[in-house]
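The values are calculated or read from the model by the stated rules, or taken from the named source; none is laboratory data. This structure is a prediction, so every number in the text was calculated from the model and none was measured. Ideal geometry is used to build each Cβ from the backbone, glycine not excepted, and the neighbour counts take in all protein chains shown. All accessible areas refer to the heavy atoms of the entire protein, side chains included, with ligands and DNA or RNA removed. Shrake-Rupley method; radii C 1.70, N 1.55, O 1.52, S 1.80 Å.
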Protein chains: 2
Amino acid sequence: MINQVEFSNLAKLIIEYRMSLLVIGSLALDTIETPFGKKEYTLGGSATFISTSASYFTDKVRLVGIVGYDFPKKEIEFLKSRNIDISGLEISKDKKTFHWHGVYNTDLNNRESITTELNAFETFDPIITEKFRKSEYICIGNVDPTIQKKVIKQIINPKLVMADTMNFWIEGKPVHLTETLKLVDLLMINDSEARLLSGEQNLFVAAKKILKTGPKILIIKKGEHGALLITPNTMFIAPSFPLEKVFDPTGAGDTFAGGFMGWITKTENISDENLKTAVIYGSAMASLAVEEFSLEGIRNLTKDKIMDRVYEFKNLINFEVNSI
Amino acid sequence: MINQVEFSNLAKLIIEYRMSLLVIGSLALDTIETPFGKKEYTLGGSATFISTSASYFTDKVRLVGIVGYDFPKKEIEFLKSRNIDISGLEISKDKKTFHWHGVYNTDLNNRESITTELNAFETFDPIITEKFRKSEYICIGNVDPTIQKKVIKQIINPKLVMADTMNFWIEGKPVHLTETLKLVDLLMINDSEARLLSGEQNLFVAAKKILKTGPKILIIKKGEHGALLITPNTMFIAPSFPLEKVFDPTGAGDTFAGGFMGWITKTENISDENLKTAVIYGSAMASLAVEEFSLEGIRNLTKDKIMDRVYEFKNLINFEVNSI
């Protein structure tokens with residue numbers, strides 16, 4: 001029989017051994033206007049949404065980012081309360097936090113950026129600590145591809161590296177992005193980005209082309225029309241969860257990424273079948289996020305609420321086949 | 001023991017007893033231009049696509065429509081070869097067949113009507129024969145709602161009446177359409193039509209509103225983004241089948257309707273679960289249709305080819321749930 005101390009040490013060892021998810025991206029204070037209201041200087045940023053979303057699947061989320069001296073203490077406490085390891089969060093002493101101000105149009109399909117003040121984020125150049133460099137799963141938000149590349153090169157033997165990008169980098173830094181894509185296992189972009197990156201109008205043709213540039217797995221987000229998962233051997237199409245009211249789409253894609261990578265980290269399984277399940281978890285998390293302003297929809301979730309949404313998804317999508 | 005004559009009579013009786021599908025709509029000779037080619041005076045029309053598509057599910061398809069004196073004999077023979085009962089097909093002696101000439105844009109999402117010559121179809125006012133009035137399943141293509149209403153009123157005790165409509169009637173004959181909708185069990189329209197008909201931007205809110213106007217079942221077609229099925233108790237979302245090349249989208253919606261109603265007629269089951277399966281059969285048929293010009297994609301199908309597509313759909317959509 002083992003005593004309590006031994007048991008406790010063993011438990012710690014098991015917890016330490018469990019796979020971890022390294023999240024790199026922005027933390028921001030957003031001002032958001034939708035047809036349903038306005039919220040000022042609310043917690044935002046890709047790394048915030050990704051790590052919060054993933055924290056419902058694994059307690060081994062590690063966050064790397066930078067904020068300013070004005071970043072609210074209570075938000076630091078919030079991240080800690082989600083068991084997110086924030087030892088990689090830099091706090092600038094002389095600069096403010098990244099601030100974005102966006103206004104959505106009536107049907108929420110378009111938004112205008114009123115202000116983009118990079119502030120502390122402008123010089124974001126993350127050095128990954130020894131401990132974090134051994135993370136197995138990596139999720140890099142939409143940042144400069146040169147930074148993405150630099151981050152990936154610091155990781156020792158990752159099992160899956162996922163990255164996001166956007167039109168701004170596809171058009172502005174194509175050569176750097178091409179180099180970065182060679183190091184990325186899973187690229188997650190939206191439909192217009194997939195078309196721009198590949199030069200192809202048809203998404204399935206675009207996907208095949210992109211899969212030749214480095215990533216082995218491609219996820220194309222289509223907003224209200226759902227998401228596509230494409231690997232060399234499989235294709236999976238998930239709709240968006242039907243919502244009668246979308247309150248604020250900010251962070252939906254990052255919340256999806258967090259749910260997806262959270263599930264993968266939890267299950268340590270990157271089979272095609274499990275990638276499909278991960279897409280559903282990502283979609284479920286995103287649907288919960290957009291029902292409220294900013295991060296509010298995923299601040300206080302329960303596993304039951306997440307599972308309810310996932311089972312609703314199953315009813316919405318799955319069907320019986322009987323032969324003709 | 002029964003002898004061969006008795007057996008044959010019994011078999012006939014059983015076949016007679018099987019449920020039938022009455023299809024009412026247009027038959028046309030279309031000239032179609034897509035980025036991939038041009039075809040002149042090729043067989044088209046809603047009733048043509050619906051009945052051909054349904055004929056793979058049941059041999060009890062009954063067609064009601066009108067063509068001109070120029071309608072090719074070989075196309076009459078084709079419809080007969082699909083076991084479609086064309087005793088309700090009127091052939092005008094002095095007018096030509098409905099002719100439509102459409103040109104699609106590069107990405108096939110829009111088309112321009114160059115010519116719409118109604119010809120014989122202009123005076124289409126179907127009298128349903130005694131035999132046809134006892135049909136159990138009714139599928140009415142996109143025609144004037146006053147004609148739709150007149151047709152439905154002639155049917156004795158139908159089990160399911162499905163109708164299609166379009167912007168032209170929603171805007172042009174709203175009062176007649178409202179009356180017709182009260183007699184329709186299943187309305188099948190596209191997303192922009194659902195928004196126009198309900199005055200709601202959100203499709204799920206729109207659907208709820210439309211379900212209060214008569215139809216108990218609503219199918220909203222979203223083109224390349226798939227289809228929604230909404231009943232008072234269920235919702236189902238099916239994506240479109242991923243195709244690297246869509247050759248000609250003409251008739252896709254009618255082919256969907258034919259596959260859907262063909263499956264329902266075959267199985268005589270309008271449970272929510274079976275409606276979902278019917279959506280998949282409809283989607284599978286539509287995906288096969290758009291891979292070729294006009295009706296070509298569904299002229300010579302085999303059950304194996306249809307089932308292959310349905311199983312591919314299953315792999316594309318279905319997923320496993322494991323709890324977090």
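Observations on the model:
- Where helices (runs of 4 or more DSSP H) fall entirely within region A:95-195, those with at least 1 residues that are among the small types (G, A, S) are at A:167-172.
- Scope region B:208-239; condition over 20 Å from A:E224 (Cα atoms) and either β-branched (V, I, T) or part of a strand (DSSP E or B) (or both); matching residues: B:I210, B:T213, B:I217, B:T231
- Taking the numbered list (1) within 19 Å of B:L27 (Cα to Cα); (2) over 19 Å from the mean Cα position of the chain (by Cα); (3) open to solvent by 60 Å² or more (accessible area, probe 1.4 Å); (4) of a type in the set (A, V, I, L, M) in turn, B:L196 passes all entries but (1).
- Any hit, region B:252-259, residues being touching a residue at least 40 places away in the same chain (Cβ under 8 Å) and within 11 Å of another protein chain (Cβ to nearest Cβ): yes
- Counting only residues that are within 20 Å of A:E320 (Cβ to Cβ) and open to solvent by less than 30 Å² (accessible area, probe 1.4 Å), region B:205-238 holds 12 of them.
- Count - residues of region B:47-57 that are open to solvent by less than 10 Å² (accessible area, probe 1.4 Å) and touching a strand residue (DSSP E or B) at 6+ places or on another chain (Cβ under 8 Å): 5
- Between B:T97, B:T31, the distinction of being in contact with a strand residue (DSSP E or B) (Cβ under 6 Å, 6 or more places away or on another chain), polar (S, T, N, Q) and surrounded by fewer than 24 Cβ atoms within 10 Å (Cβ to Cβ) belongs to B:T31 only.
- Residues that are more than 18 Å from the chain's Cα centre (by Cα) and of a type in the set (S, T, N, Q), drawn from region B:43-82: B:S81
- Selection count, region B:300-324, where residues are more than 24 Å from B:T267 (Cβ to Cβ) and either of a type in the set (S, T, Y) or in contact (Cβ under 8 Å) with a residue 60 or more places away in the chain (or both): 1
- Residue in region B:279-289 that is touching a strand residue (DSSP E or B) at 6+ places or on another chain (Cβ under 8 Å) and β-branched (V, I, T) present: yes
- Residue check, A:G282 in contact with a Gly (Cβ under 6 Å, 6 or more places away or on another chain) and within 17 Å of A:V61 (Cβ to Cβ): yes
- Answer residue from region A:239-257, given it is touching a Leu at 6+ places or on another chain (Cβ under 9 Å) and crowded, with 24+ Cβ neighbours inside 10 Å and is farthest from A:I217 (Cα to Cα) among those: A:D248
- When B:V184, B:V175 are checked against the criterion of being under 18 Å from the mean Cα position of the chain (by Cα) and either closer than 15 Å to B:C139 by Cα or modelled with pLDDT of 95 or more (or both), B:V184 stands alone in meeting it.
- When region A:193-221 is filtered for residues that are in contact with a Lys or Arg (Cβ under 7 Å, 6 or more places away or on another chain), farther than 16 Å from A:F236 by Cα and not polar (S, T, N, Q), the ones remaining, listed by number, are A:E200, A:G214.
- Residues in region B:273-303 that are more than 10 Å from chain A (Cβ to nearest Cβ), open to solvent by 30 Å² or more (accessible area, probe 1.4 Å) and of a type outside the set (V, I, T): B:E291, B:E292, B:E296, B:R299, B:N300.
- Residue within region A:115-137 that is within 25 Å of A:G223 (Cβ to Cβ), at pLDDT below 95, surrounded by fewer than 13 Cβ atoms within 10 Å (Cβ to Cβ) and out of contact with any strand residue (DSSP E or B) (no Cβ under 6 Å at 6 or more places or on another chain) present: no
- Residue within region B:39-48 that is in a loop (DSSP other than H, G, I, E, B) and modelled with pLDDT under 95 present: no
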